[in-house]
Amino acid sequence: MTSTGYQTLLDCRRRSRYLRQHGFTIDQIAIILALDHPASPLRLYRHAAGLTAAQTVDAFHRLADITGAGLRESRLYDHETWPQTGRRPSVHTLHLLARIYGTQPAHLLTPAMLATYTPRDQHSLRQGNR
């Protein structure tokens, strides 16, 4: 993570902690962070949760023990920069990340990003965590 990226994460952690203390939900916090940080919803939710990429990957692997999925930090960054660059996350990955961040899978995507998934996958993402 660049020093600028790390400073952004620290700022987001501070703001997120303050907002949670005042009763804001993770979804509301991600929307507020988006006002100052032009990033994908997936990255904004990670920042709203106050997690580094390494912490997210560790939490993913704890959940994945049950499901058998895997994730590397570099792939998480790829998912966070998609669709401009990077790689589109699978539906299963979005479900696990949503559990980690405390939100619904569809919230991790913009409407345009969600539209790139099949109708069945869109339904699964809108239905929430399994």
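The values are calculated or read from the model by the stated rules, or taken from the named source; none is laboratory data. The model shown is predicted, which means the values in this text are computed figures rather than measured ones. Cβ coordinates were reconstructed from backbone atoms using ideal geometry, including for glycine residues, and neighbour counts include every protein chain displayed. Calculation scope for accessible area: heavy atoms of the full protein, side chains included, ligands and nucleic acids excluded. Shrake-Rupley method; radii C 1.70, N 1.55, O 1.52, S 1.80 Å.
Just one of the listed residues (62, 99, 43, 75) is touching a Ser or Thr at 6+ places or on another chain (Cβ under 9 Å), more than 20 Å from residue 10 (Cα to Cα) and open to solvent by 50 Å² or more (accessible area, probe 1.4 Å), namely 75.
In the stretch 9-52, the residue that is nearest to residue 111 (Cα to Cα) out of those that are assigned to a helix (DSSP H, G or I), more than 15 Å from the chain's Cα centre (by Cα) and not aliphatic (A, V, I, L, M) is 36. For residue 62, the requirement of being in contact (Cβ under 8 Å) with a residue 40 or more places away in the chain, on the phi < 0 side of the Ramachandran plot and of a type in the set (Lys, Arg) is not met.
So, residue 55, is that one open to solvent by 70 Å² or more (accessible area, probe 1.4 Å), free of Cβ contacts under 8 Å to residues at least 60 places away in the same chain and not in a helix (DSSP H, G or I) or not? The answer is no for residue 55. Within the stretch 60-72, is even one residue at pLDDT below 95, in a helix (DSSP H, G or I) and of a type in the set (Val, Ile, Thr)? There is at least one residue in the stretch 60-72 that is at pLDDT below 95, in a helix (DSSP H, G or I) and of a type in the set (Val, Ile, Thr).
Annotation note: Cβ proximity below 8 Å between a residue of the stretch 6-19 that is more than 20 Å from residue 80 (Cβ to Cβ) and a residue that is open to solvent by 40 Å² or more (accessible area, probe 1.4 Å) (sequence gap 6+ or interchain) occurs for 19/28; 19/32.
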